[in-house]
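Remarks on the structure that follows.
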Amino acid sequence: MTETIAPPTTRPETAENGLAKAYDPRLVEAGVYERWDAAGTFQPHGDPARKPFVVVMPPPNVTGELHIGHALFVTVEDIMVRWHRMLGDPTLWIPGADHAGIAGQWVVEKELRAEGLSRHDLGREAFLERVWAWMNRYRGRIREQLQILGASCDWSRFTFTMDPGPSRAVRHAFKHLYDKGLIYKGERLISWCPRCMTALSDLEVVHRDDPGFLWTLRYPVAGTAEAIAVATTRPETMLGDTAVAVHPDDGRYRHLVGKQVRLPIVDRPIPIVADEGVDPGFGSGAVKVTPNHDPNDFEIARRQGLPGISIMNPDGTLNDAAGPFAGLGVAEAREAVVARLEADGALLGVEPHRHAVGHCQRCDTVVEPLISEQWFVEMAPLAAPAIAAAKNGSLRFVPDHFKTVYLNWLENIHDWTISRQLWWGHRIPVWYCQDCPEIIVTEEETLAACPACGGPVAQDPDVLDTWFSSGLWPFSTLGWPDDTADLRRFYPSSVMETGYDILFFWVARMVFFGIEMTGELPFHTVYLHGTVRDIEGARMSKTKGNVIDPTLVTAEYGADALRFALVTQSSPGNDLKLDLQKVEDARNFANKLWNATRFALRPIGEHRIELDAAGPVRPTVELALADRWVLSRLDATTAEATRLMEQHLYGEAAKAVREFVWSELCDWYLEAAKVRLRGTEEERAVVAQTLAYVLERSLRLLHPTMPFLTETLWAELPHAGELLIVAPWPAAAPRDEAAEAAFGALIDLVRAVRNARTEANVEPGRWIAAEVYAGPHAEAFADARRELAALARIDIDQLAISAGEPAAARGALTAVAGETVALLPLAGMVDLAAERERLEKELGEARLELDRAETKLGNEAFVARAPATVVEVQRKRRETALEQIALLERRLGELG
Ligand SMILES: [Zn+2]
Ligand SMILES: [Zn+2]
């Protein structure tokens, strides 16, 4: 959107007609998104020679409604994207949705269960049709919710992980790794969910301390009267024991190594082996070895050349190798085995014992280590360049400390189990010939016959871990493996913004796949946000009933308020506690801005507002002190917001703009400007031009955070261009320090007068007399005498301003602010004793202030180490306090 249409320079009707009296977020937000979309603003525009800004959206799982965590990432990414669009970068935010593998299958299986069916009753094809129907239903819902939140992403590039493009990318990547020897099939001890009936990767197993027991069993040593005690948390697995292991240096057992024990119940002879992996301090120092059902034992068996015996079926029941216990579930088998051991005199003891137990991340079922034939990715060669990228700084983390977490994981990585015994997902692109031993890996979706013998082929029944396709996302969304224009233009992306909880699942995998498949890092900056918790800091969950539905919040307060509250309460890498009061505060801020704009639209509508290609022209002539001050404060805010945005401190940037709009523009400038709006035509025109300029710029600064409100208000103000979303981010002019100092002093004095009035119980509506001693600001105050009078409620005919020292002030209130003083004649309004007490209190405070400054300045370490400007601030503090003390003492004397 580079084309600009010059708007009318005069407004034909009273401008505030365009804005309703009261701010109603629902009315304000309706229709705005459609205008942006229809104008094509979400597609990348701008100078094609310029480096684009690209963000790939973490695709929400197509398994339900968006939650408040989604609202946070949408807000942060949309702020980045809108800001870069305003900076003039060709900007692209690619939306998408994830098929969610195991989670996707699980939701549909749950639906089926409610109908008394399982996926096996339907068969693979019918089941997948059902999942697709479900996915298509929610896909639209996700889009709708993203739009409600204001996500300015390019819908023409929306991608679903199961679309033909990304699916082909998955097959291409698989074949690439397979051909390179980095994908292999093997029998390994893997984590298995007996409920989901699938292998899981290490990351999909959640370890939790569960209460349990430690049983001590007695294994008699064959041919002797001795026995060995072994402790176990899983007595039922003893049916699969193939050895007893002790530490080689353990003197208690040295004479037994090489002998055999007779395994109770099964009466199988198994050897006693010495292995470094045994902890002699745990239990008796001797452990049973069950290679096929425990990862440590699997390693011991590998080192010792021991066989393994599998005693469990994939559904978690015991198999025929468990003899009389075959068919029992784990819990029943445990009870039966313990009873039998006890009856046989082989149970030495039992005690309560808490220990870490692995649970399925998806369904919480206890995970079983099982021997199974699975597909794996060999990780060491892929991890190495991903480690190097973080170490050499080409991959940056915000916040920085996640680099260590990332490196730690990659440096200790195991091979990745990528096959899943599911139906929903990307099918493994491996085909087995039914007539010859040929195995074919192909990028094609289907294979008709064996290329070696022409015989029939069958595809591997398993699907890939859902994170396999996610790892390709930054380039599969741009057309990879084809060399597309999009890929050339928009890859690598700029920032990967996502939750720190998926740093390993997703970020690390995108990095190593990106380097391996494209030879480039998929992005150079990783921005990690935290988890949204409830106000107490607890994780939101349906069972706790503390879930906040973002669509209910936006319906009540508006998306702008939710976005503002989320971003101002969050900081990179930290969890945030969502306080709905903050959402309400943000709505109140929106309301404040709405009312300020309505107020400003009257004078603006009555004057010709000068415009140029950038919008209202900055006024430069006939400026009053207040105008110069507000323009300079706008510049200061613009510079500060820009600096914070550059540092990814989006919440701080939003706060800085709010502070300016609310506490400076609304509280002071608008109030001060009212004086001249009652003045001459020339004065009214300057105020109108200043208001138009400052408001229009403020809306631009606030646009990334509150896009709907700002777009709506901007349309009512004189502006250049068609839509705020594509207006340029403002640049800051140098500050007017003299104006800031003088008007700042005026504000301080008004505050002091107001405080003095309040403390002396002067009625708020009463116009009073005042003698103002303004020191260096006397000239500026004289120019702004009408503003000073109006703001402090001083009768302008009884306002005297001078640069000199205050005269004797018997019977007057004294308001002191820095170098300025106002004497307010009491004229019988105030109790003199109370006034004395008040001055004494202030004198006490001024002395404390002096003490504090002197303590600091007396601290040699502080003076030596603090930056010169900081020391200077303390010197200034001391000076001011000394002046104030002198003044107050004099005033007290004058009270008599
Ligand atoms: Zn499970
Ligand atoms: Zn064949």
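Miscellaneous remarks
- When restricted to residues that are small (Gly, Ala, Ser), surrounded by 23 or more Cβ atoms within 10 Å (Cβ to Cβ) and touching a residue at least 24 places away in the same chain (Cβ under 8 Å), the stretch 553-589 contains 4.
- Only residues that are surrounded by fewer than 15 Cβ atoms within 10 Å (Cβ to Cβ) and modelled with pLDDT of 90 or more were counted in the stretch 822-846, giving 4.
- Only one of the listed residues (VAL170, VAL230) is farther than 30 Å from ALA561 by Cα and under 32 Å from the mean Cα position of the chain (by Cα). That residue is VAL170.
- Qualifying residue in the stretch 498-509 (condition: part of a strand (DSSP E or B), out of contact with any helix residue (DSSP H, G or I) (no Cβ under 9 Å at 6 or more places or on another chain) and farther than 21 Å from HIS414 by Cβ): no
- Test result for ALA321, at pLDDT 90 or above, surrounded by fewer than 21 Cβ atoms within 10 Å (Cβ to Cβ) and outside any loop (DSSP other than H, G, I, E, B): yes
- Qualifying residue in the stretch 804-820 (condition: charged (D, E, K, R) and either surrounded by fewer than 17 Cβ atoms within 10 Å (Cβ to Cβ) or under 26 Å from LYS674 (Cα atoms) (or both)): yes
- Filtering the stretch 334-352 for residues that are away from ligand 2 (no atom under 16 Å from the Cβ), assigned to a strand (DSSP E or B) and modelled with pLDDT of 95 or more leaves an empty set.
- Any hit, the stretch 118-139, residues being touching a Phe, Trp or Tyr at 6+ places or on another chain (Cβ under 8 Å), among the polar types (S, T, N, Q) and either away from ligand 1 (no atom under 16 Å from the Cβ) or at pLDDT below 95 (or both): no
- Residues that are of a type in the set (Lys, Arg) and away from ligand 1 (no atom under 16 Å from the Cβ) were ranked within the stretch 174-224; the one that is farthest from GLU378 (Cα to Cα) is ARG218.
- Which numbered condition TYR527 fails, given (1) of a type in the set (Phe, Trp, Tyr); (2) in a strand (DSSP E or B); (3) more than 19 Å from the chain's Cα centre (by Cα): (3)
Let's see how each residue does on (1) modelled with pLDDT of 95 or more; (2) away from ligand 2 (no atom under 16 Å from the Cβ); (3) of a type in the set (Phe, Trp, Tyr); (4) surrounded by fewer than 23 Cβ atoms within 10 Å (Cβ to Cβ):
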residue	(1), (2), (3), (4)
ALA15	no, yes, no, yes
ARG35	yes, yes, no, yes
PHE53	yes, yes, yes, no
MET57	yes, yes, no, no
HIS67	no, yes, no, yes
HIS84	yes, yes, no, no
LEU87	yes, yes, no, yes
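- Here VAL266 clears all of (1) in contact (Cβ under 8 Å) with a residue 24 or more places away in the chain; (2) at positive phi; (3) not aromatic (Phe, Trp, Tyr) except the condition numbered (2).
- Any chance LEU370 is within 16 Å of ligand 1 (Cβ to nearest atom) and either touching a His at 6+ places or on another chain (Cβ under 8 Å) or at pLDDT 95 or above (or both): yes
- Members of the stretch 94-124 found to be farther than 22 Å from ASN136 by Cα and outside any helix (DSSP H, G or I), listed by number: GLY116
- Test for ASP482: is it at pLDDT 95 or above, within 16 Å of ligand 2 (Cβ to nearest atom) and of a type in the set (Asp, Glu): no
- Top-ranked residue of the stretch 401-448 - restricted to ones that are acidic (Asp, Glu) and within 22 Å of ASP465 (Cβ to Cβ), ranked as farthest from ligand 2 (Cβ to nearest atom): GLU411
- Checking LEU521, LEU487, LEU464 one by one, the residue that is more than 18 Å from LEU92 (Cβ to Cβ) and of a type in the set (A, V, I, L, M) is LEU464 and no other.
- Whichever residue in the stretch 364-391 is closer than 15 Å to TYR178 by Cβ and part of a strand (DSSP E or B) and, among such residues, is nearest to ligand 2 (Cβ to nearest atom): TRP375
- Every condition in (1) under 24 Å from the mean Cα position of the chain (by Cα); (2) within 16 Å of ligand 2 (Cβ to nearest atom) holds for TRP473 except the one numbered (2).
The values are calculated or read from the model by the stated rules, or taken from the named source; none is laboratory data. Please read all numbers here as calculations on a predicted model, not as lab measurements. So basically every Cβ, Gly included, is an ideal-geometry build from the backbone, and we count neighbours across all protein chains shown.
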